[in-house]
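*Asks:* My questions all concern the structure below.
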Amino acid sequence: MTVQSHVLIDAGESIVADGTVLQGGGAAGVLNWRVKLRTCRGGRSEGVHVVELDNGAMCIDVLPTRGMGIWRVRRGADSPSPSRGGARGGAILGWQSPLREPVHPAFVPLFDPSGLGWLEGFNELLCRCGLESNGAPDFDANGKLLHPLHGRIANMPAHRVEFLVDEDARRLTLRGVVDETRFHFQSLRLTTSITTSLSSNEFTWIDEVENIGGRDAMMQMLYHFNLGQPLLQPGARITAPVATVAPLTQVAAKEGVDTWNIMPPPRPGSAEQVYVLDLAADDSGNTRVLVTGLTNDEAVSLRFNKRTLPCFTVWRNTPAEADGYVVGLEPGTNFPNPRTFEQKHNRVVALRSGETWRGEVTATWHIDNQTIAEEEAAIRSIQADRLPEKLKNPRSEWSSHA
Amino acid sequence: MTVQSHVLIDAGESIVADGTVLQGGGAAGVLNWRVKLRTCRGGRSEGVHVVELDNGAMCIDVLPTRGMGIWRVRRGADSPSPSRGGARGGAILGWQSPLREPVHPAFVPLFDPSGLGWLEGFNELLCRCGLESNGAPDFDANGKLLHPLHGRIANMPAHRVEFLVDEDARRLTLRGVVDETRFHFQSLRLTTSITTSLSSNEFTWIDEVENIGGRDAMMQMLYHFNLGQPLLQPGARITAPVATVAPLTQVAAKEGVDTWNIMPPPRPGSAEQVYVLDLAADDSGNTRVLVTGLTNDEAVSLRFNKRTLPCFTVWRNTPAEADGYVVGLEPGTNFPNPRTFEQKHNRVVALRSGETWRGEVTATWHIDNQTIAEEEAAIRSIQADRLPEKLKNPRSEWSSHA
Amino acid sequence: MTVQSHVLIDAGESIVADGTVLQGGGAAGVLNWRVKLRTCRGGRSEGVHVVELDNGAMCIDVLPTRGMGIWRVRRGADSPSPSRGGARGGAILGWQSPLREPVHPAFVPLFDPSGLGWLEGFNELLCRCGLESNGAPDFDANGKLLHPLHGRIANMPAHRVEFLVDEDARRLTLRGVVDETRFHFQSLRLTTSITTSLSSNEFTWIDEVENIGGRDAMMQMLYHFNLGQPLLQPGARITAPVATVAPLTQVAAKEGVDTWNIMPPPRPGSAEQVYVLDLAADDSGNTRVLVTGLTNDEAVSLRFNKRTLPCFTVWRNTPAEADGYVVGLEPGTNFPNPRTFEQKHNRVVALRSGETWRGEVTATWHIDNQTIAEEEAAIRSIQADRLPEKLKNPRSEWSSHA
């Protein structure tokens, strides 16, 4: 049996296969995958498309309308198969932003002169920041906005979404294509493949960003991967192979770099603390990051390669729970400074016409102690006998706040 | 019989019960209420939800998509019951903005650098101005927009709308919840209950604005209640218990404060005239305002409490009829100056986390002489022997134009 | 038989007759016209309405959602009648912008502080630029955006669209009404009639812009009529009766005014070259422009009157094909400089309350040599023995780049 493909969205053919449900043919729950395309109704989520990609063990909710971001991953209760050996019960991977439902881009004032309108749409587990730029808003000398916070890709809808299933290989893939194009300026095309195996607790996104225009272009990508409630608890710990870690902001410096990897409790009104890292990696550039101390002793890890994602940022957001208690793990081509700053420090990717940048991240939702221990061992192996360098203050090359 | 509740919109459940019609069970037109949720089609109103709340005597058209504003109130022809004792014929409470249909927020450029984009969506009988700010656009020293004209709540869709009916108490209520939330900044939640009795010519909106975030917040609310054609005529008169009245603008000063309460005829190209008032109130803070001299000798009154709505603004807009001939009655927490100015003069409401501001206004559409006379008497009673103070020029504490 | 009228869109009645198909009653393909209203799905075109107006020889795709712009004209394959004497095969009149599908205005950041957001929605054969302004973005002395690039009408939806057919006169007309209204400011109403005869290779748009407000108003109109692939080829030539031609920009000056009318080949990364012209006209003000050298020796011509469309601009966009290789023919009330500049040079139309500006352009898609020769002769006749004046550099009255 070869790969079967199903078009869910194709703007070129004026197709949105709303309400489509596809599911595995296997008996006795062996091939109990299920895919559904639905459309959100009501409030600011009116019209947002959601693809529910269920591998039998967990359901990945993908948002074509928001640049193929991943809203959340659900395990347990909401899945089609009610009983599920090994799972510790229903749970959600994601976070609780003050805005709970996915927000339609029409309600996100991205070009609010403050450059902060992006914040009104931000509530995903995985929110891509890019493609022309990401990071803090960038202004010209007169205070006019050049690049809004974290760029535009999260508020661009996919014009093509396809579901691919290979039951022999037990593999599901959702492929989406999102263009970030301004006529006369850049034409960047994101093609993402979000893939998972049947019954797996892992999923991978493989992103290709192609300069489909005829001009030279520049791009940035930062994966804003966010863990919050109900999984996140005070004291949750990030384990990573560290070459250097430094605060990005003065607030983070004041909190202290020594505890960069420990999640403080919610403190109403507190400001976010951001740390930037040069991770250690193996000879192939592979590295990995683990968050432990989550509810039910669960853990979450990311694996990626530093050759395309050289920068790693940790975002600790520690306000009252109602304001979004969350930690962000952010592999990226750059640090989240204004693009002008990053460009000066050569952390922008140049793409000639036809060139493609490729990034890949695998996320694992650990619900057993053994794989957590294996992950920790793998990280120790990369760290080896290298001593992490910890900078007390922002480093001038890394931070526009230095 | 207890209250029955029907969910019309719930973004959390992805529900918009479009096309729903509910109606009273009584025979012989005794309980001839009717509620309908419909969706506008075409032009800039495409996708706007309207809840038609008909109490048997009049139909209140509410706009969940526009922050639970009230588009208009209709009496007569369009109602389900064709004959209606006592009504003087079909009529509309509202006004004729150049844009006749309700405008979807996606077509309102709220963050146009001029800060005036709000004007492109404004055509309701009741348009709420707030929640983070209202009033004239507020700019920083470099001319960058801080707060757009009249804030954002009128262009935020309700994420939950519920209809409640208590036939024993002969009471209908439409409850809507609208969040004005920017992650990292404020989280203000408006819960409004728009309520009316069967066959009544009155309706009330009871608004609660809760700071659902963990940070201290500030809010403003101004109810832009607008009477225009076909009811409004030149010479229409506002009667109110006045402590002090002053022009807000130089144009209003030039028109003269002595005639602040008399609607001039349409004068093509004329500028709006705005007056601000400190109303007198009874010992409980209750006050009331009446507009007489409308078509067919009808009148409209508002009742509210100065303890939560201390400021009252009168907006006379007297251009050609095609440009929107209208008078606005505007009870508010503040006057419609830029927020920075209002904040300096302590006319911004501070809300700690979890705190709630509550405002309530009752509007009556008088179609008989007796209740008009009663209303006038009630206003005289509040005024008592107090002499209204009339300021010829803008007062520096009240006007950024002073 | 008189004219039959069918309402396709009417916001006042909350009607969008989506899916409507109307077609001719004649037998044997004699009256094989066909009209369809459909709604685009997917990506940034979600919700865009398209009226397919097929006269039996070609299908004109009109976009009510984008100000009644004309997306493209199709001949051949997609038409209802499969065989079509004389046509040289299926083809498309239009161009290949990097964004292929029509873009919903909700995805066009018109008020991006750069003033260039309009570019993200631009991909039509005919894109109207106006009504309050068109041309390059206009800023105040502090760099704050006053008027965004090419104005707003292309991103305003028609609130009323009506199809009219007169089978006796063999004439089809699509009439659309689009308001560009900002309360307190201007109220301009565009009523366009797009009309074609059965089996014809011509179509005409007749635009009326009425000042429906009570104030004096000003307007501008520029018809951005764009020919690109698959028809456009390097060496394509514009023939026109020329009084004076000048470069608008320094880039165009450098390219040389002598070859203003010859389309260069695609040159990746090249900047657009813009030329502005005072065309010659006959005694009634009629003038015409022809583009020859298109694929299959086809040609396209425009006819219009200089009394209402005195200015003519040629836009040569010569980047890589992927970036949109296209030539624009732009009859207008003005040249595409910032409105402040055009106003200084009296190229803005003043409209008193109730006044109407009227413009009309006929486009012909020539697929036979004879009508091309006739068109060339007509142009020669207007030119007569007048010598075209060719200015090497931008003229100060005509160009803000001079």
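Only the coordinates and a few stated rules stand behind these numbers; no lab work does. This one's a predicted model, so the numbers in the text were calculated from it and none came from an experiment. Here Cβ is always computed from backbone atoms with ideal geometry, including for glycine, and neighbour counts include all displayed protein chains.
*Asks:* Among rounded, prolate and oblate, which fits region A:177-249 when a ≥ b ≥ c are the square roots of the eigenvalues of its C-alpha gyration tensor, a/c under 1.5 means rounded, and a/b larger than b/c means prolate? Show your work: numbers first, answer last.
*Replies:* Working: a/c = 2.69, a/b = 1.58, b/c = 1.70.
Note, shape of region A:177-249 comes out oblate.
*Asks:* Starting at 0 and stepping by 20 Å, how many percent of the alpha carbon pairs of the protein assembly as shown end up in each bin?
*Replies:* Going out from 0 Å in 20 Å bins, the protein assembly as shown shows 11, 37, 36, 15, 1 percent.
*Asks:* Under 5 Å between amide hydrogens, which residues at least 5 positions from B:M68 or on another chain qualify, with H placed 1.01 Å from N in the peptide plane?
*Replies:* For B:M68, whose amide H was placed from the backbone, the distant partners under 5 Å are B:L63, B:A158.
*Asks:* What do you get for Rg/Rh of chain B when both radii come from the Cα atoms and Rh is the Kirkwood radius?
*Replies:* 0.95
*Asks:* Here is a further query. Normalising by the residue count of chain C, find the relative contact order in percent from Cα pairs under 8 Å and 6+ residues apart. Kindly include the intermediate steps, with their values, before the conclusion.
*Replies:* Numbers: 1114 pairs, mean separation 62.1, N = 402.
Reported as a whole number, the value is 15 percent.
*Asks:* Apply the Karplus curve 6.51 cos²θ - 1.76 cosθ + 1.60, θ = phi - 60°, to the phi angles in region A:195-212 and return the couplings in whole Hz, x for Gly and Pro.
*Replies:* 9, 8, 9, 4, 6, 7, 9, 10, 8, 10, 10, 10, 10, 10, 10, 10, 7, 8
*Asks:* Can you work out the Karplus-derived ³J(HN,Hα) for every residue in region A:260-269? Use 6.51 cos²θ - 1.76 cosθ + 1.60 with θ = phi - 60°, whole Hz, and x for glycine or proline.
*Replies:* 3, 9, 10, 6, x, x, x, 10, x, x
*Asks:* Something else: Can you list the distances in nanometres, one decimal and ascending, from the B:D166 label point to the identical position in each other copy, with the point 7 Å along Cα to Cβ?
*Replies:* 6.4, 6.4
*Asks:* Below 16 Å, Cα to Cα, which aspartates and glutamates can A:K344 reach? Residues fewer than 8 away in the same chain don't count.
*Replies:* Within the straight-line cut-off, A:K344 pairs with A:E132, A:D138, A:D140, A:E397.
*Asks:* Could you calculate the FRET efficiency of C:N369 with A:H6 from 1/(1 + (r/R0)^6), where r is the beta carbon distance between them and R0 is 51 Å, rounded to 0.05?
*Replies:* Numbers: r = 49 Å, r/R0 = 0.96.
With R0 = 51 Å, the Cβ-Cβ based efficiency is 0.55.
*Asks:* Counting only C-alpha contacts under 8 Å and six or more residues apart, can you give the relative contact order of region A:194-307 as a whole percent?
*Replies:* Answer for region A:194-307 is 25 percent.
*Asks:* Let me ask another. With 10 angstrom as the radius, rank B:D216, B:D112 by how many other C-beta atoms surround their C-beta, starting from the fewest.
*Replies:* B:D216, B:D112
*Asks:* How high is the relative contact order of region B:252-351, in percent, with contacts defined as C-alpha pairs under 8 Å that are six or more residues apart?
*Replies:* In percent, rounded to a whole number, it is 26.
*Asks:* Identify the residue of chain C whose Cβ lies closest to the rotation axis that maps chain C onto chain B, and give that distance in whole Å.
*Replies:* Closest Cβ on chain C to the axis mapping it onto B, in Å: C:A106, 2.
*Asks:* If you take each beta carbon of peptide C:92-99 and count the beta carbons of other chains within 10 angstrom, what is the mean?
*Replies:* 3
*Asks:* Listing B:L22, A:L329, A:L131 from the residue with the fewest other Cβ atoms within 10 Å to the one with the most, what is the order?
*Replies:* The most exposed by this proxy come first: B:L22, A:L329, A:L131.
*Asks:* Return the average number of partner chain Cβ atoms within 10 angstrom of each residue Cβ along peptide C:111-118. Show your work: numbers first, answer last.
*Replies:* On the way: counts 11, 7, 15, 7, 1, 4, 3, 2.
Taking the mean over all residues of the peptide, I get 6.
*Asks:* In terms of the Cα gyration tensor, with a ≥ b ≥ c the square roots of its eigenvalues, is region B:222-378 rounded because a/c is under 1.5, prolate because a/b exceeds b/c, or oblate? Walk me through the numbers on the way to the answer.
*Replies:* Working: a/c = 1.89, a/b = 1.24, b/c = 1.53.
The shape class here is oblate.
*Asks:* If you count, for every residue in B:146-157, the Cβ atoms of partner chains within 10 Å of its Cβ, what is the mean? Each step should come with its number before you reach the end.
*Replies:* On the way: counts 2, 0, 3, 0, 0, 0, 2, 0, 0, 2, 4, 7.
The shielding value for this peptide is 2.
*Asks:* Follow-up question, since we're still on this one. Could you line up A:Y223, B:Y325 from fewest to most neighbouring Cβ atoms inside 10 Å?
*Replies:* Fewest-to-most Cβ neighbours within 10 Å comes out as B:Y325, A:Y223.
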